[in-house]
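The values are calculated or read from the model by the stated rules, or taken from the named source; none is laboratory data. In this text, all values refer to a predicted model and were calculated from it rather than measured experimentally. Glycine gets a Cβ as well: all are built from the backbone with ideal geometry, and neighbour counts include every protein chain shown. Only protein heavy atoms, including side chains, enter the accessible area calculation; ligands, DNA and RNA are left aside. Shrake-Rupley method; radii C 1.70, N 1.55, O 1.52, S 1.80 Å.
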Amino acid sequence: MASSKKGALHLLTTLIFLALATTAFSQLSPNFYDYSCPAALNTIQRVVRAAVNKEKRIGASLLRLHFHDCFVNGCDGSLLLDPTSTIDSEKNAFANINSARGFEVVDQIKSAVDKACGRPVVSCADILAVAAKDSVVALGGASWKVQLGRRDSTTASRSQANADIPAPNFNLQQLIDNFNRQGLNEKDLVALSGGHTVGLAKCQNFKDRIYNDTNIDPNFAQQLKRRCPRTGGDTILSPLDSTTTSFDTAYFSDLVKQRGLLRSDQALFNGGSTDSLVKQYSYNSYAFSNDFGESMIKMGNIKPLTGNQGQIRLNCRTVN
């Protein structure tokens with residue numbers, strides 16, 4: 001009896017140890033590549049800086065890739081997969097088709113980092129996470145410690161992308177619900193929306209707002225109407241805020257002035273529960289930078305593949 005109890009206790013101890021070991025192994029860490037490829041992060045930063053110096057807009061594009069990747073079945077690089085007979089590519093989802101860009105820069109990063117590491121060590125999912133941070137910094141924003149150790153998916157889902165990526169015409173409750181499904185709260189919603197302080201949007205995404213909404217500065221609406229006609233001109237681009245190549249708090253200042261470009265932007269400052277945070281960020285750049293970094297880390301932790309899950313792709317566009 002004593003022997004069987006001892007055996008059971010030993011088995012239980014072993015199972016607990018394995019569970020803890022698996023949990024520890026699967027956790028992301030900013031030091032993940034310190035030994036396997038010490039040159040990885042500097043290499044990614046170098047390629048991103050060169051790309052942003054060549055075209056400022058690409059910084060916003062790379063940030064958006066990470067966001068759109070994480071919101072669809074977690075941060076697993078699924079967005080990067082090209083369509084095949086077995087891959088229903090997320091690149092063809094409503095929010096991404098003829099819109100998502102920066103894939104060539106990701107290819108350049110992958111090539112450079114694999115060369116620096118001597119072999120494929122860094123996942124495409126991690127490349128997106130680091131490139132997003134490096135893009136923000138290159139455009140004048142604050143840095144944060146990117147958690148690393150994600151692995152790449154072997155599948156993609158266009159239908160899931162259509163369901164999970166928030167639409168530009170969402171109201172506040174739809175945005176809150178959408179972010180809650182990803183484990184993100186209202187503060188994350190407002191902070192991460194601040195990513196719209198850089199980048200451009202197509203006329204088709206704000207046309208209905210400038211011609212029909214009342215919570216918009218009339219002068220701002222008139223200015224946009226000159227660029228975006230009521231019919232046609234759907235692909236004409238306009239800046240998401242008044243300082244579109246600088247990562248700052250102008251986005252929030254614009255919202256306070258009812259100069260949000262997208263309906264989903266202005267929804268954050270329209271008499272609802274997020275008004276006070278928008279107002280705070282509009283005059284407190286430290287609070288925004290700090291919260292943005294924390295929310296990016298939190299978003300980057302959405303359902304990552306770790307340990308033996310997934311794979312490290314040889315080419316970010318295809319499964320091995």
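Determine whether Phe170 is among the aromatic types (Phe, Trp, Tyr), over 24 Å from Gln45 (Cβ atoms) and part of a helix (DSSP H, G or I). Here the answer is no, as Phe170 does not meet what is asked.
Residue count for the stretch 147-175 under the criterion of being of a type in the set (A, V, I, L, M, F, W, C) and open to solvent by 20 Å² or more (accessible area, probe 1.4 Å): the result is 5.
Do we find a residue being of a type in the set (A, V, I, L, M) and not in a loop (DSSP other than H, G, I, E, B) anywhere in the stretch 306-320? Within the stretch 306-320, none of the residues are of a type in the set (A, V, I, L, M) and not in a loop (DSSP other than H, G, I, E, B). Val52 - would you say it is out of contact with any His (no Cβ under 8 Å at 6 or more places or on another chain), touching a residue at least 60 places away in the same chain (Cβ under 8 Å) and not small (Gly, Ala, Ser)? In short, yes. Restricted to the stretch 266-297, and to residues there that are acidic (Asp, Glu) and open to solvent by less than 50 Å² (accessible area, probe 1.4 Å), the residue that is nearest to the chain's Cα centre (by Cα) is Asp291.
For the condition at negative phi and touching a His at 6+ places or on another chain (Cβ under 8 Å), Tyr283 does not qualify.
Determine whether Leu148 is among the hydrophobic types (A, V, I, L, M, F, W, C) and closer than 26 Å to Asn284 by Cβ. First the steps, then the outcome.
Numbers: among the hydrophobic types (A, V, I, L, M, F, W, C): yes; closer than 26 Å to Asn284 by Cβ: no.
No, not satisfied.
Please go through the stretch 251-265 and pick out each residue that is in a helix (DSSP H, G or I) and surrounded by 21 or more Cβ atoms within 10 Å (Cβ to Cβ).
Here is the first cut: in the stretch 251-265, the residues in a helix (DSSP H, G or I) are 251-256, 263-265.
If the condition is that a residue be in a helix (DSSP H, G or I) and surrounded by 21 or more Cβ atoms within 10 Å (Cβ to Cβ), then Tyr251, Phe252, Asp254, Leu255, Arg263, Ser264, Asp265 are the ones that fit.
In the stretch 257-302, how many are free of Cβ contacts under 8 Å to residues at least 60 places away in the same chain and within 23 Å of Asp164 (Cβ to Cβ)? Within the stretch 257-302, residues that are free of Cβ contacts under 8 Å to residues at least 60 places away in the same chain and within 23 Å of Asp164 (Cβ to Cβ) number 2.
Table: residues versus (1) open to solvent by less than 20 Å² (accessible area, probe 1.4 Å); (2) free of Cβ contacts under 8 Å to residues at least 12 places away in the same chain; (3) among the β-branched types (Val, Ile, Thr); (4) under 18 Å from Ala51 (Cα atoms).
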| position | (1), (2), (3), (4) |
| --- | --- |
| Phe67 | no, no, no, no |
| Thr84 | no, no, yes, no |
| Glu90 | yes, no, no, no |
| Val106 | yes, no, yes, yes |
| Ser111 | no, yes, no, yes |
| Ile127 | yes, no, yes, yes |
| Ala132 | yes, no, no, yes |
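Here Cys75 passes the criteria (1) open to solvent by 80 Å² or more (accessible area, probe 1.4 Å); (2) at pLDDT 95 or above except the one numbered (1).
Listed here are the residues, each with its yes/no results for (1) free of Cβ contacts under 8 Å to residues at least 40 places away in the same chain; (2) closer than 29 Å to Val122 by Cα; (3) small (Gly, Ala, Ser).
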| position | (1), (2), (3) |
| --- | --- |
| Leu139 | no, yes, no |
| Gly149 | no, yes, yes |
| Asn180 | yes, no, no |
| Leu200 | no, no, no |
| Asp208 | no, no, no |
| Thr214 | yes, no, no |
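Taking the stated definitions as given, is Ala138 in contact with a Lys or Arg (Cβ under 8 Å, 6 or more places away or on another chain), under 21 Å from Asp248 (Cβ atoms), modelled with pLDDT of 95 or more and not charged (D, E, K, R)? So that I can check it myself, show each step before the final result.
Details: in contact with a Lys or Arg (Cβ under 8 Å, 6 or more places away or on another chain): yes; under 21 Å from Asp248 (Cβ atoms): yes; modelled with pLDDT of 95 or more: yes; not charged (D, E, K, R): yes.
Judged against the criteria, Ala138 is a match.
Considering the stretch 230-245 alone, what residues qualify as being in a loop (DSSP other than H, G, I, E, B) and either touching a helix residue (DSSP H, G or I) at 6+ places or on another chain (Cβ under 6 Å) or open to solvent by 50 Å² or more (accessible area, probe 1.4 Å) (or both)?
Residues of the stretch 230-245 that are in a loop (DSSP other than H, G, I, E, B), as a first pass: 230-236, 240-245.
Of everything in the stretch 230-245, those that are in a loop (DSSP other than H, G, I, E, B) and either touching a helix residue (DSSP H, G or I) at 6+ places or on another chain (Cβ under 6 Å) or open to solvent by 50 Å² or more (accessible area, probe 1.4 Å) (or both) turn out to be Arg230, Thr231, Gly233, Asp234, Thr235, Ile236, Leu240, Asp241, Ser242, Thr243, Thr245.
Considering Leu192, Leu184, the condition of being part of a helix (DSSP H, G or I) and open to solvent by less than 60 Å² (accessible area, probe 1.4 Å) is satisfied by Leu192 alone.
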